[in-house]
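Right, one structure below, let's go through it.
The values are calculated or read from the model by the stated rules, or taken from the named source; none is laboratory data. Only a predicted model underlies this, so the values are computations on that prediction, with no experimental measurement involved. Don't worry about glycine lacking a Cβ; one is built from the backbone with ideal geometry, like all the others, and counts go over all protein chains shown. Note: areas computed on protein heavy atoms with side chains; ligands, DNA, RNA excluded. Shrake-Rupley method; radii C 1.70, N 1.55, O 1.52, S 1.80 Å.
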Amino acid sequence: MVDIDLDKWLEAMKFKMDSMGSNQVWTLVGPSKGVRPVGCKWIYKRKLGADGEVTTFKARLVAKGYTQHLGSTLRRSIRLWPWPSRLGYCLP
């Protein structure tokens, strides 16, 4: 990543990883036999204030959904839970 704000992006990524760890978003386990893990990538966003200046640097870690194929293993591995504000999913 080549950006003038590299330090701020790294800080945002560290904050997000620490937040996911403290909220116990996932449990790290080894891969199952014959299963290819789903990849992930970082999404970055600058939040602007009313004056147009950058106020916050946001980083999100998302799964690369295009590597998944619909099938019985996918149906068993995704657990959906409805919340009033959003629909979430958990990959074991």
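The table that follows gives values for the structure above.
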read-out	value
Low-density loop cleavage sites - chymotrypsin sites (Phe, Trp or Tyr not before Pro) in region 1-64, where at most 12 other Cβ are within 10 Å (DSSP)	TRP26
Neighbour-limited loop hits for trypsin sites (Lys or Arg not before Pro), region 9-42 (at most 13 other Cβ within 10 Å; DSSP other than H, G, I, E, B)	LYS33
Heavy-atom accessible area per residue - region 20-67, 1.4 Å, Å²	86 Å²
Using alpha carbons only: equivalent-ellipsoid semi-axes of region 1-62, gyration tensor based, whole Å	30, 13, 10
Computed lengthening from TRP42 to THR27, 0.36 nm per intervening residue step minus Cα-Cα distance	3.5 nm
Net charge, SER22 excluded, C-beta distance under 15 Å - Lys, Arg +1, Asp, Glu -1	+1
